[in-house]
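The structure under discussion appears below in the form of structure tokens.
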Amino acid sequence: MAFLLGIETTCDETAAAVFLDDGTILSSVVASQAAIHARYGGVVPEIASRAHVERLLPVIDDALQQAKVTPEELSAVAVAYTPGLVGAILVGLSAAKGLCLALDIPLLGVHHIEGHIYACQMSHPEPVFPCIGLVVSGGHTNLFLCQSANDLTLLGATQDDAAGEAFDKIASLLRLPYPGGPSIQEAARQGNPKAFGFPRSLMDEGNLDFSFSGLKTAVLYAAFGQNAKNRDRELSESEVADLAASFQQAVVDVLVEKCRRALQQHQLRILCVGGGVAANRLLRDSLERMAERERVTLVIPPLSLCTDNAAMNAVATEKFRSGQFDSLDLDAVGGLIRKRS
Ligand code: KG4
Ligand code: ZN
């Protein structure tokens, strides 16, 4: 039995976890920075990096203590090295390398998106692979063909904003608090999702990509007039509710339809979903209905495994067992996953 430490700092969650080489999770600690970024209406990369520096060692200590494991008992460190905010990743990666060097143990680089899909396997009793994977967060909106936990092929990606980013930006436009997802969802409860016929982009046959910039502009103009010329206008509560509900419906319609297409195109019967937007009630309900209609199994992990965490870095246990270690030269690779155009 070997103990592994997981470290995650790709965005604004500072996270560490301890797990066994068979994937059993012993502890998982997440320090969210949401409150720090709230006043800016989105994650500020430089502030995220600094906050990781302050929090990472206490978070690692907590994870080790909760698991009752000492650093000397660790057999490897599994750290997310891509994709995400490069400055933020560097903090986790440097700490991981330092620990590996000091403890003379191997480093395992984790592809963060593989972790999000693996989180579905962690929360489902049957094997989920092969499956279609949807990762929807503040940074990602991607569809994958997942042959195994370490074999993902990108089928579709956002060409502009991620879905969560669109929620955050529209919330800020409607003067709702950050993070935007939960506040749009709350405002939408009182609204009519058919009040505005907002665009559903890239719906041409077979297309699996996403675009939310046209939708964003449509909401802006619906709220403040053509070219947003009345930008200072006060919006009534019912206007905000209708705009939020119609916006949310447009995003969800597109996400659900693209998942359905991907499942159909690849003749697969399992859909795995990860990322913070998977918390959205309308999205969950709509995906469930689609899955029932299409006779597909839908796997959405509990929220603590949907949002960024280090327990899902247990995806690296397979690499650990087969001795596929990374060198201490491993680079942080920032940015988003995009399709080559
Ligand atoms: O996965 P996550 O915690 O962090 C990363 O982006 O990596 O996702 C955060 C995103 C934010 O954009 C937030 O607005 C969105 O997930 N989100 C939601 C909901 N809860 C969080 N979006 C829609 N509906 C929600 N209930
Ligand atoms: Zn993530």
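Mind checking which residues of the range 187-201 are aromatic (Phe, Trp, Tyr) and open to solvent by less than 30 Å² (accessible area, probe 1.4 Å)?
Listed by number, the list holds a single entry, PHE198.
Hey, can you tell me all the residues within the range 153-179 that are under 20 Å from GLU237 (Cα atoms) and touching a Ser or Thr at 6+ places or on another chain (Cβ under 9 Å)? Selection gives PHE167, ALA171, LEU174, LEU176, PRO177, TYR178.
Residues that are over 30 Å from THR24 (Cα atoms) and in contact with a helix residue (DSSP H, G or I) (Cβ under 7 Å, 6 or more places away or on another chain) number at least 2 in the following strands (runs of 3 or more DSSP E) confined to the range 120-236: 151-157. Meeting the requirement of 1 or more residues that are within 11 Å of ligand 1 (Cβ to nearest atom), the helices (runs of 4 or more DSSP H) wholly within the range 244-323 are 281-294, 303-306. In this structure, ALA311 qualifies as within 15 Å of ligand 2 (Cβ to nearest atom), within 20 Å of THR9 (Cβ to Cβ) and assigned by TED's automatic domain parsing to the domain that holds LEU74. Please find, within the range 25-54, the residue that is surrounded by the most Cβ atoms within 10 Å (Cβ to Cβ) out of those that are away from ligand 1 (no atom under 16 Å from the Cβ) and either without any contact (Cβ under 8 Å) to a residue 60 or more places away in the chain or outside the structural domain of ILE89 (by TED's automatic domain parsing) (or both). My answer is SER27.
When each of GLU237, GLU294, GLU288 is tested for being more than 21 Å from GLU126 (Cβ to Cβ) and of a type in the set (D, E, K, R), the lone residue that passes is GLU237.
Yes or no: VAL135 modelled with pLDDT of 95 or more and either away from ligand 2 (no atom under 15 Å from the Cβ) or in contact with a Leu (Cβ under 6 Å, 6 or more places away or on another chain) (or both)? Against the criterion (modelled with pLDDT of 95 or more and either away from ligand 2 (no atom under 15 Å from the Cβ) or in contact with a Leu (Cβ under 6 Å, 6 or more places away or on another chain) (or both)), VAL135 does not qualify. Each residue in the range 146-186 was checked for being open to solvent by less than 50 Å² (accessible area, probe 1.4 Å) and of a type in the set (Asp, Glu), and 3 of them qualify.
Across the range 109-119, the qualifying residues are those that are in a helix (DSSP H, G or I) and away from ligand 1 (no atom under 14 Å from the Cβ), and the one among them that is farthest from ALA95 (Cα to Cα) is TYR118.
Scanning the range 214-238 for residues that are more than 23 Å from GLN159 (Cβ to Cβ) and either outside the structural domain of GLY164 (by TED's automatic domain parsing) or open to solvent by less than 60 Å² (accessible area, probe 1.4 Å) (or both) yields ALA223, PHE224, GLY225, LEU235, SER236.
The rows are residues; the columns are (1) away from ligand 2 (no atom under 15 Å from the Cβ); (2) in the same structural domain as LEU20 (by TED's automatic domain parsing); (3) more than 17 Å from GLY323 (Cα to Cα); (4) surrounded by 24 or more Cβ atoms within 10 Å (Cβ to Cβ).
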| site | (1), (2), (3), (4) |
| --- | --- |
| PRO71 | yes, yes, yes, no |
| VAL79 | no, yes, no, yes |
| GLY84 | no, yes, yes, yes |
| GLY92 | no, yes, yes, yes |
| GLY98 | yes, yes, yes, no |
| ASP104 | yes, yes, no, no |
| LEU108 | yes, yes, no, yes |
| GLN121 | yes, no, yes, no |
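Given the condition under 23 Å from PRO83 (Cβ atoms), free of Cβ contacts under 8 Å to residues at least 24 places away in the same chain and more than 16 Å from ligand 2 (Cβ to nearest atom), answer yes or no: does some residue in the range 138-150 qualify? Yes, that holds for at least one residue.
Consider the range 289-308 and keep the residues that are exposed (fewer than 14 other Cβ atoms within 10 Å of the Cβ) and charged (D, E, K, R). The one that is nearest to ligand 2 (Cβ to nearest atom) is ARG289. Within the range 1-24, the set of residues being open to solvent by 10 Å² or more (accessible area, probe 1.4 Å) and not in a loop (DSSP other than H, G, I, E, B) comprises PHE3, GLU13, LEU20.
The values are calculated or read from the model by the stated rules, or taken from the named source; none is laboratory data. What you see is a predicted model, and the numbers here were worked out from it, not measured in a lab. Cβ sites come from the backbone with ideal geometry, for glycine too, and all protein chains shown count toward neighbours. All accessible areas refer to the heavy atoms of the entire protein, side chains included, with ligands and DNA or RNA removed. Shrake-Rupley method; radii C 1.70, N 1.55, O 1.52, S 1.80 Å.
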